[in-house]
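Remarks on the structure that follows.
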Amino acid sequence: MKKVFIISGLLIIFMLIMAFTGIMDFKNNIKEAIIKGNKFYGENNYEMALKTYKNGLEYNKQNAKLNYNSAQASYILGNYQEAIEYYKKAPDKPDKYLNAGNSNLKLGDVQSDTNQKLMCYQQALEAYKQGILKFPDNVPLKYNYEYVKCKIE
């Protein structure tokens with residue numbers, strides 16, 4: 001009988017930890033944020049989509065879907081540095097690497113300092129390279145890699 005109390009007590013503690021860290025989402029806040037954010041995204045209301053995704057990330061900052069969706073909305077809005085940060089926590093998809101690289105490329109294009117420009121281009125190359133290694137058949141990744149490589153030379 002004592003073992004049952006110990007096991008049930010440990011199980012309750014484990015569930016409380018999961019709830020407080022956001023692993024368990026009792027109120028479905030994350031799912032709701034994805035659904036509402038996707039609705040805004042589908043209506044081309046990227047500002048509201050991003051705001052909704054960010055609200056969902058308050059419950060679990062590591063949620064891969066919310067990070068990917070936030071990255072995509074940020075990218076479309078031209079918030080390239082923010083998009084890069086979200087892509088770091090996003091699941092592996094070709095778009096993750098393509099748009100992370102494109103974000104670095106676009107950041108580099110607007111830099112006036114040559115060293116900053118080259119650093120952004122190098123980061124773009126690295127993002128494309130990681131994508132190529134994971135998705136070797138993806139032509140846009142290869143094309144963009146070669147394009148940025150030529151820009152550096």
Please report the carbon-and-sulfur percent of the accessible area for the stretch 20-128; probe 1.4 Å, protein heavy atoms only, DNA, RNA and ligands left out.
52
Using unit Cβ charges (K, R positive; D, E negative) and no other charged atoms, how large, in debye to the nearest 20, is the dipole of the stretch 40-153 about its Cα centre?
240
Regression test value, accessible area per residue of the stretch 91-132, probe 1.4 Å, units Å², expected 49
Nitroxide proxy distance, nm - points 7 Å out along Cα→Cβ at Met119 and Asp92:
2.9
Work out, step by step, the length gained on full extension between Gln62 and Asn45: first 0.36 nm times the residue separation, then minus their alpha carbon distance; give nm to one decimal.
3.7 nm
Would you list, by chain and number, the aspartates and glutamates whose Cα falls below 16 Å from the Cα of Lys31, excluding same-chain residues fewer than 8 positions away?
Glu58
Strictly over 24 Å apart at the Cα level, which of Lys61/Lys96; Lys36/Lys89; Lys39/Lys134 would you flag in this model?
Lys39/Lys134
Simple spin-label estimate for Asp109 and Glu153 in nanometres, 7 Å along Cα-Cβ:
2.1
Give me the extension gain from Asn55 to Asn28: residue separation times 0.36 nm, minus the current Cα-Cα distance, reported in nm with one decimal.
8.5 nm
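The values are calculated or read from the model by the stated rules, or taken from the named source; none is laboratory data. Nothing here was measured: the structure is a model prediction, and the numbers come from that model. So basically every Cβ, Gly included, is an ideal-geometry build from the backbone, and we count neighbours across all protein chains shown. For the accessible areas, the whole protein counts, side chains as well, though only heavy atoms, and no ligand, DNA or RNA atoms are used. Shrake-Rupley method; radii C 1.70, N 1.55, O 1.52, S 1.80 Å.
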